[in-house]
Amino acid sequence: MKKTDATTVNSVAEDEFVRLFCEVFGPDKASTLYVQHPFTDIYGRHRYIDFALETADKKIAIEIDGEQYHNPKKVSDEKYIDDLLKQNSLIYQDWDVYRWVYRQLKNNPERVKDELLTFLSKTINRNYFSFLPEQKGTAIELRDYQQNALEELHYLREEGNTIALLYHATGVGKTVTAATDAKRVGGKTLFLVNSLKLTDQAEKRFYEVWPEATRGFYTGNQKDTGVDVLFATIQSVVRNLDDFEPKQFDYIIIDECHHAAAKSYAGIMSYFKPSFTLGLSATPERTDGEDILKLFKRVAHRMDLKEAIENGILVPIRCLRVKTNIDISDVRINGIKYNSLDLESKLFVPERNKLIVETYLSYGQKHNAVIFCASVEHAEAIYGLLLEKGIKAKSVSGRNTETERRQILADYENGTIKVLCACDLLNEGWDSPKTDMLFMARPTLSKTLYLQQLGRGLRKHDGKESLIVFDFVDNANMFNNPYSLHRVLNIAEYRPFGYALAPSGQKKQDDDLFRRSERPEALIDLPVYATDYEQIDLFNWQEEAGKMISQLEFVRMVDVQAETLDKYIKAGKIKSDMAVPISDNRTLHYFTDETVKAYAKQFGWEIIDTKNIKRKFMEFIREMDMSYSYKPVLMLAILDHCDESGKTRICDIVDFFIEFYKDRQARGLKPEKANSIYCRPEIPPEEAKSNILKNPYKRFSDMRFLEYSKDFGQIVINKDIQRRLTAEDYEEIRTLCRQKLDEYFSKLG
């Protein structure tokens, strides 16, 4: 098969993965995936990860393979060994690696979705951008008079610090000082300790200082999350981060923070986004000799871009939007990236490349610039045009050897080269503070990718007034509109070469110049009159989707099956509030809450809520429709094995299914329809599990009656049902299930 065929097969496999990912987590979460993430293997060769997720304490690599190109039985030994080297290199560099092949995605989509939830659910909301700076902070040695320490904390915050350490010997009042400062700041406070016994001591100190604040604990079975001050152990919070919102706390205090090397600290501090974090320690030294303040700042949550620039940690950003006549409105997307062949046919035209080069010739010849290109070929083409104009430029990509790449970057740093034409390779892991101009010539649907590229030019450097960004804006539709600086930062107002982000004083001065129609040349040293104003369309379908109800969520809100809702949408009986075409034959549908309620009323569907869900569950059992015998068997398995909180291990359910149908076989009874796996002499447990989750469980799950807890391998009865079920209800369910089975098997013969 030709190389182009391999690319096509792998592209189809990746598109199918994105579809399943969107079904599991929602397309609004797809922006957390980094597509074609570059990395270097242990021999210095440049490679790409199909999809990557990164948090402060975890790196996840996802490889999606066209099976005939990675199966050891279907490829050469060299190719198979090279695949192993890639995977081993990733593991060596602390990546968690997950792999699927196209056959799995196509033939067992429900199982793949189950695995996605198991592997990724705790990571999916916690990505971050590696170029963002550490928190601005300092250490305070607590003096005899705590008022001095409180004043220092106050001044630190006024200066833009977001994190601090408070240290002195045990027993001199660090907790009292922290409680007093938290009271001054106000808002919700989280106090974290290493051991359970310390929570009571801390609570007593807070009561003495701040008696009017409500207080509670998050330890073991006690979870008082709605209080003003919450006392918790590190372990209890890190295991249950999904119980909290990232901005739930305004102030976080970490006791004994010299233990902050633990990954649990990094996980917590990268997840929460408080306005201030205070570490308490009896000693500024660590046994490993590492500086505690540096370490503490590093594991803390990163500043966002806006904060870092407004606080003067990164340089201001100016922007010029360069509009092209290229139309990409019919380029297909899969939810998070463009169809590569569609995009290449539109972008790689001489006129667009000439526009990029002419823009550099007009505005950039005094500057050190990086042009981000859509492919290696695109970078080579731009590089060639720049050479023709006498510009000292170079193309840099994964095709360069490590030696070549180092020489190119060294030449750029010493001024021998003025422009780098890059494809992916410089997205991360490389910084050049002297870079003061970026050309965003690669359309992307990835916010992560855009911000990573932007981060290459944000470091401060002597004489660097700002980073100048050129956004090349092609014509697109509302759903495949690529990210630009203003769209990624959610800034609607645009003036050519005006500050997009800057410290407030600088931005005000700049805005005043524009209002007076004065040339900004003195500020930016560019030959341009820039007094135009434009309102940017900030519509982002992924963000809008996050605020709406998906088709899957619609099903779970009302007493209707997924197939019925899908049929009504296709027939035009139900129209969504937002329909997102992500391929030739697939559209994602989203609804407002009002729309769901209106259609429920129109079709006589009852909205399922906490008050009626137990009644709906019992009605479902009584009316149980059955094309196979699986639903009542599932309920009997749960009744036999669930604990007092309604949790049943999936392995116990699998064993129950196998024993149930083997017993029928042993008694000479027909176990099921001939095409059922339970008619086989041997029933593989993994196939039984897949069958259970795909068939009977899904019906109960669609109605929110049951939930599969992947982390613990349990099927759980909805807590609003379980706590209302009586002993009589359990007995009725058992009787109904047996009756349904008798009726089913009598008809089966």
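Structure summary
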read-out	value
Eligible lysines near K573 by straight Cα distance, threshold 23 Å, same-chain separation 8 or greater	K597, K601
Extension gain, L725 back to K366 (0.36 nm per residue minus Cα-Cα distance, nm)	121.7 nm
Ranked list, fewest to most other Cβ atoms within 10 Å of each Cβ, for R332, R318	R332, R318
Amide proton proximity set for K392, modelled H, under 5 Å, gap of 5+	K418
For K694, K29, order by how many other beta-carbon atoms lie within 10 Å, fewest first	K694, K29
Under the Karplus curve 6.51 cos²θ - 1.76 cosθ + 1.60, θ = phi - 60°, whole-Hz ³J(HN,Hα) for the stretch 394-411, x wherever Gly or Pro sits	7, 8, 9, 7, x, 6, 6, 6, 4, 5, 4, 5, 4, 5, 4, 5, 5, 5
Cα-projected label distance for R734 with N477, points at 7 Å along beta-carbon direction, nm	5.7
Rounded if a/c under 1.5, otherwise prolate or oblate - the stretch 387-509, Cα gyration tensor axes	oblate
Reach of K670 by Cα under 29 Å, taken over lysines that are not fewer than 8 positions away in the same chain	K631, K662, K689, K694, K698, K740, K747
Karplus 3J(HN,Hα) series, Hz, for the stretch 557-572 with 6.51 cos²θ - 1.76 cosθ + 1.60 (x for Gly, Pro)	8, 10, 8, 9, 7, 4, 5, 5, 4, 4, 5, 5, 5, 5, 7, x
Residues whose placed amide H lies under 5 Å from that of C319, excluding near-sequence neighbours	V469, F497, G498, A500
Kirkwood Rh, Cα atoms: Rg over Rh of the stretch 317-539	0.95
Over the chain: helical MRE at 222 nm, DSSP H runs n ≥ 4 each giving -39500 (n - 2.57), nearest 500	-12500 deg cm²/dmol
Cross-link pairs beyond the 29 Å C-alpha cut-off, checked among K122/K434; K547/K570; K273/K611; K106/K570; K547/K719	K122/K434; K273/K611
Difference of contour (0.36 nm per residue) and Cα-Cα distance, A674 to E358	106.7 nm
Whole-Hz ³J(HN,Hα) from phi, Karplus 6.51 cos²θ - 1.76 cosθ + 1.60, for the stretch 653-660, glycine and proline x	5, 4, 4, 4, 4, 4, 5, 4
Computed label-point distance, nm, for sites F620 and M578 using a 7 Å Cα→Cβ extension	2.8
Length released on extending from D330 to D512, taking residue separation times 0.36 nm less the Cα-Cα span	61.5 nm
At most 10 other Cβ within 10 Å, DSSP loop - GluC sites (Glu not before Pro), the stretch 174-215	E212
Pair Y568, K79: separation of 7 Å Cα→Cβ label points (nm)	4.8
Members of K29/K508; K174/K204; K113/K567; K464/K508; K460/K508 lying beyond 25 Å, as alpha-carbon distances in this model show	K29/K508
Normalised contact order of the chain, rounded percent, pairs of Cα under 8 Å and 6 or more residues apart	10
Relative contact order of the stretch 317-539, defined on C-alpha pairs under 8 angstrom at six or more residues apart (%)	27
Of the trypsin sites (Lys or Arg not before Pro) in the stretch 212-247, those whose Cβ has at most 15 other Cβ within 10 Å and which sit in DSSP loop	R239, K247
Sorted by Cβ neighbour density within 10 Å, fewest at the top, the residues R699, R45	R45, R699
Under-5 Å amide H pairs with L588, H placed in peptide plane, nonlocal only	V580, I582
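None of the figures in this text is laboratory data; all of them are computed from the coordinates on show. Because the structure is predicted, anything quoted here is derived from the model rather than measured. Backbone-built Cβ (ideal geometry, glycine too); neighbour counts: all protein chains shown.
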